[in-house]
Amino acid sequence: MTTSTVEGAYQGALNAFKNPMLDLLHGRYAPFVVTMLAMVFTAQRPQVPVSEAHAEIDAALARLRSAGYGDEGAAPLPVGIARDLCRGWVQSGWLKRHVHDGAEAYQLSAHGVGALEVAGRVGGTRTRVSESRVRTLLDAVEQLAQDADPDLMTHIARLDAEIRERQAALKRLESTKVVEPVGEDQLLEEAENVLHLARELPADFARVVESIRQVQRDVITDLRQDVRPTGEVLREYMDRGRDLMESTREGRAFSGALALIGRAEHIDQLAGNLRTIQRHPFARTLPAVQRRELQDISRRIEQGVRDVLEAQQRASHVIATQVRNHDPLRDQEVDALLRDVMSGFQRWMPTSRHKQAVEPMRRLPVADVAHLRQKTDDLRPPAPPEALEEWEMGEVPDDDSRAWGGPHYAELEAHLAGLVDDDGSADVAEVFRAAPEELRRPVDLLGLLEIAHRHGMVETGDVVAVEAVRPDGTRRRFAFEGVVLNGNDEVRDETPDE
């Protein structure tokens, strides 16, 4: 044995004993804590309101003290009330406090469930080595070997042997008409093995839930810190928010198990098998605690699956809400405010007394800003504005500059009035084609359409084309949907101001 090996093993043991589960079992009041957690949190009641938990633990403490426990020479009991004890258990990581159905409630953490599992296994009456345990191990090893072996012929040979064995057993039952009875000792061993396997499930479910919540906390922390571009954070973590079960090892393992235990027919089949076991005469020889555990197996599985799915849904909702409402500046302000509040509590708590009244802040303090105006009745500025500087318009634009200006409304109106038919109708495209070149600029086409719209026009549905002439002589063709005056409004010689 080398020195490095000893140091590595010892460091691993030190890290293992920092686990909250071992801390619970190693504590001075471990028997009391395990008893309270096991009695308060059951398969029928995995989440307990805070007030109910405090009342039950206070009643249990009073009953144990009246029975003589906690005195000198007897099993030690903690000092204090249930509220203080539960607060310490939450800080130690054995309990979780959250909102359930609109009220605060306690729930066992994965470490608390694991401690109860270890205590129940050590304190139970399960046989250390039994035929059922060995058979379970052999079956698991055989299944692992089959899954790991890629040889096709080996798989075929194993299935063929299993089919022949099943057929032989079927022929034996058909010929003898008798089912060989199984000894009561063997049934008890198998029942204890089933209970041993079932006790491990709640801790596994709790670890999956806490793993999902840890992913949720990591995502929210990265979004709030805003150390990377928002787009990069969203692209990376929205995938994890949409499919949290695939981002952790525990979640991937649970997804595989959910294919077996998440189907309703499998749960119904499990419940039917448990009822068959409970009706058998050997079940009456089991202790009452074990009979109750057998009865609650299916309920524990259903509750575990429900807790994991609810945690996944809640995490996805929280992440989506944070992404939708993400405001780095506001988050930093909230973080700074919370740090100030926590600092204030740390300064106030050492000097405070139990049930000390706190004077509430009835109104926000007024900011002391000296430069704000004290009166608002006189809205006039303190000094009149400066006089405007005199300036000249400059030279009047020449004819060439005006040729590049806006439409000639007056000339277009007069030209249109001369081409209107007796019934008041006119084809706008024909009117434009008949105009002189100085009225056939592109901008004049827009002006003519504006005048036609003002007097009322009807779209023909046909596409027409006209040729416009710019002031420099260049020509452009324009296509538009043909329009005609509808003849309901008389064309008047009115022009808007240019």
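The values are calculated or read from the model by the stated rules, or taken from the named source; none is laboratory data. What you are looking at is a predicted structure, and each value in this text was computed from that prediction instead of being measured. Cβ placement follows ideal geometry from the backbone for every residue including glycine, while neighbour counts extend to all protein chains displayed.
The set of residues from region 20-56 being assigned to a loop (DSSP other than H, G, I, E, B) and either over 31 Å from the mean Cα position of the chain (by Cα) or of a type in the set (Phe, Trp, Tyr) (or both) comprises Gly27, Arg28, Tyr29, Phe41.
Output yes when any residue across region 108-115 is closer than 22 Å to Ala203 by Cα and either surrounded by fewer than 18 Cβ atoms within 10 Å (Cβ to Cβ) or at pLDDT 80 or above (or both), and no when none is. There is at least one residue in region 108-115 that is closer than 22 Å to Ala203 by Cα and either surrounded by fewer than 18 Cβ atoms within 10 Å (Cβ to Cβ) or at pLDDT 80 or above (or both).
Given the structure, is Ser92 hydroxyl-bearing (Ser, Thr, Tyr) and at pLDDT below 70? When the stated conditions are applied, Ser92 does not pass them. Within region 81-107, the set of residues being free of Cβ contacts under 8 Å to residues at least 40 places away in the same chain, in contact with a strand residue (DSSP E or B) (Cβ under 7 Å, 6 or more places away or on another chain), loosely packed, with under 15 Cβ neighbours inside 10 Å and assigned to a strand (DSSP E or B) comprises His98 only. Note on region 443-487: among residues that are exposed (fewer than 12 other Cβ atoms within 10 Å of the Cβ) and either part of a loop (DSSP other than H, G, I, E, B) or outside the structural domain of Leu412 (by TED's automatic domain parsing) (or both), the one that is modelled with the highest pLDDT is Thr474. Where helices (runs of 4 or more DSSP H) sit wholly within region 218-334, those with at least 3 residues that are at pLDDT 65 or above and closer than 30 Å to Ser109 by Cα occupy 249-261, 264-279, 288-295, 297-324. Each residue in region 78-89 was checked for being hydrophobic (A, V, I, L, M, F, W, C), over 16 Å from Met39 (Cα atoms) and modelled with pLDDT of 85 or more, and 1 pass.
For every residue, the table says whether it meets (1) part of a helix (DSSP H, G or I); (2) more than 30 Å from Tyr106 (Cα to Cα).
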site	(1), (2)
Arg158	yes, yes
Ala161	yes, yes
Glu165	yes, yes
Glu174	yes, yes
Val182	no, yes
Gln186	yes, yes
Leu195	yes, no
Ala198	yes, no
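Could you say whether any residue in region 38-53 is among the polar types (S, T, N, Q), at pLDDT 80 or above, more than 23 Å from Glu210 (Cβ to Cβ) and out of contact with any Cys (no Cβ under 9 Å at 6 or more places or on another chain)? Within region 38-53 (the criterion being among the polar types (S, T, N, Q), at pLDDT 80 or above, more than 23 Å from Glu210 (Cβ to Cβ) and out of contact with any Cys (no Cβ under 9 Å at 6 or more places or on another chain)), the answer is yes, since at least one residue qualifies. Against the numbered list (1) in contact with a strand residue (DSSP E or B) (Cβ under 9 Å, 6 or more places away or on another chain); (2) surrounded by fewer than 14 Cβ atoms within 10 Å (Cβ to Cβ), Gly418 comes up short only at (1).
With respect to Leu309, is the statement that it is of a type outside the set (Phe, Trp, Tyr), within 23 Å of the chain's Cα centre (by Cα) and surrounded by fewer than 17 Cβ atoms within 10 Å (Cβ to Cβ) true? When the stated conditions are applied, Leu309 passes them.
Here Leu152 fulfils each of the conditions (1) at pLDDT below 75; (2) not assigned by TED's automatic domain parsing to the domain that holds Gln322 apart from (1).
Is at least one residue of region 73-84 over 27 Å from the mean Cα position of the chain (by Cα) and closer than 23 Å to Arg213 by Cβ? No, every residue in region 73-84 fails to be over 27 Å from the mean Cα position of the chain (by Cα) and closer than 23 Å to Arg213 by Cβ.
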